[in-house]
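Below is one structure, written out as structure tokens; the observations come after it.
The values are calculated or read from the model by the stated rules, or taken from the named source; none is laboratory data. Keep in mind that this is a model prediction, so the values were computed, not measured. Cβ coordinates were reconstructed from backbone atoms using ideal geometry, including for glycine residues, and neighbour counts include every protein chain displayed. These area figures cover heavy atoms from the full protein model, side chains too; ligands, DNA and RNA do not enter into them. Shrake-Rupley method; radii C 1.70, N 1.55, O 1.52, S 1.80 Å.
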Amino acid sequence: MSSIPSRQWVLRSRPTGRPSASDVELVDVAVGSPEPGFVRVQNLVMSVEPYMRGRIGGEATYAEPYPLDEPMLAPTIGRVTASADESIPAGTLVKHEYGWREHALVPASECTVLLHDDLAPADHLGPMGIPGMTAWVGCERIARIESGDVVFVSSAAGAVGSTVVQIAKLRGATVIGSAGSPEKVELVRRLGADAAFDYHDGSVKDLLRAAMAEVGATGLDVYFDNVGGEHLEAAVRVINDHARIALCGMISIYNSATPQPGPNNLIKLVWRRARMEGFLLRDHLDAREEFENRMAEWLHIGAVRPVQTEFGGGIEGAWDAFLGMLDGTATGKAVVPLTGNHVEKDCKTSESGGTISPDKEATR
Ligand SMILES: NC(=O)c1ccc[n+]([C@@H]2O[C@H](COP(=O)([O-])OP(=O)(O)OC[C@H]3O[C@@H](n4cnc5c(N)ncnc54)[C@H](OP(=O)(O)O)[C@@H]3O)[C@@H](O)[C@H]2O)c1
């Protein structure tokens, strides 16, 4: 079988502060036939995610830095076009990490065959993928959201946050969300949040207080933190007794060149006998099957609506898509389709499904 032409993004330097075009290069390669134990995959759609900023920068986080002068990695959905492993025949839809490229040779052992392949490929990167499962683990295992809880979630129009809003509503909570534009605030409300605010409209502390007054709440039972910084301090200020703070991520500091100050009011955790817990999805992979079955059901009945932004330009547009995602130009899951005719580099946001209601939950 002959080689096929492909393009891939290679990391050339490690940025300090905001990454730029000079940190990466799009290179032409020829992808050969798979060796035994490998498959060749045509990538259909790849994900761009905040944690990639740490891997590009090279600092020691929970994920290994991307090596310099090698193609980067990203969660990706693709179709197997050639196989040298009998467990994954050609034609199979798989999820793998060899994104940032059009075609990839992937060890069969690193491919996950899509169980619910009736869903759109991009759904497997959003609500069925890392963001959806992170939201689910944070809500179910870390914050343990219950009916009647008052829940605040930051980056509520983001990939994780938009799913948290919907899961918390399914659990019967009162939900407040923050996001970075009037359009995103509207979306958060459409997803079911009882109140939402644009954090650019004033201090988060005051905006959160106003949102709590709108829903008749005097304190928070849960804060789901995607952002850190001012949001975290504002939330700690108004926690109830035995509140739970799920530390999922802190995107407000990912591009900071110097260490940022932490909340100045952590003594509140003592006074309120509250729990603040960081978590990583990778420690909860035992829940994958339970999560995927539950989320697939929610998606099928319209109880969770996928929200995603598709960045155009195909593989050429992937780096700008990553920067745009960090800058807040995406709503919901940021994905880059890699097949088809991608002349435009514009991005397009879509929501699908009907209205959500706790009644639609079939099983707990
Ligand atoms: N713990 C884990 O295992 C795990 C797994 C996956 C993700 N995460 C973390 O979860 C968080 C959410 O991830 P995601 O994939 O759903 O990304 P996301 O929330 O969709 O991230 C992009 C959004 O972050 C917001 N943002 C950027 N800079 C901000 C700032 N300075 N202040 C407030 N908001 C800002 C922007 O929305 P606005 O326009 O609303 O500002 C942007 O659209 C991230 O912190 C990520 O690192 C953790």
_Hey, R171 closer than 27 Å to H284 by Cα, in contact with a helix residue (DSSP H, G or I) (Cβ under 9 Å, 6 or more places away or on another chain) and basic (K, R) or not_ = yes
Only unsatisfied item for M276, checking (1) in contact with a Gly (Cβ under 8 Å, 6 or more places away or on another chain); (2) open to solvent by less than 70 Å² (accessible area, probe 1.4 Å); (3) away from the ligand (no atom under 13 Å from the Cβ), is (1)
Taking region 70-101 and keeping only residues that are surrounded by fewer than 16 Cβ atoms within 10 Å (Cβ to Cβ) and of a type in the set (S, T, N, Q), one is left with S87
Filter region 244-273 for residues that are of a type in the set (G, A, S) and under 19 Å from the mean Cα position of the chain (by Cα); the one that is surrounded by the fewest Cβ atoms within 10 Å (Cβ to Cβ) is S252
- Query: within 16 Å of the ligand (Cβ to nearest atom) and either assigned to a loop (DSSP other than H, G, I, E, B) or over 17 Å from the mean Cα position of the chain (by Cα) (or both): does that describe R294?
  - Reply: no
Of the residues in region 36-49, those that are surrounded by fewer than 21 Cβ atoms within 10 Å (Cβ to Cβ) and not in a strand (DSSP E or B) number 2
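Looking only at region 84-103, count how many residues are of a type in the set (V, I, T), part of a strand (DSSP E or B) and more than 22 Å from V29 (Cβ to Cβ).
0
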With criteria (1) in contact (Cβ under 8 Å) with a residue 40 or more places away in the chain; (2) over 27 Å from P127 (Cβ atoms), F279 comes up short on (2)
Within region 216-243, the residues that are open to solvent by 40 Å² or more (accessible area, probe 1.4 Å) and touching a residue at least 60 places away in the same chain (Cβ under 8 Å) are N240
Counting only residues in region 123-133 that are surrounded by fewer than 24 Cβ atoms within 10 Å (Cβ to Cβ) and near the ligand (Cβ under 9 Å from one of its atoms), the one nearest to P75 (Cα to Cα) is identified as I130
Only one of S147, S155 is assigned to a loop (DSSP other than H, G, I, E, B) and near the ligand (Cβ under 9 Å from one of its atoms), namely S155
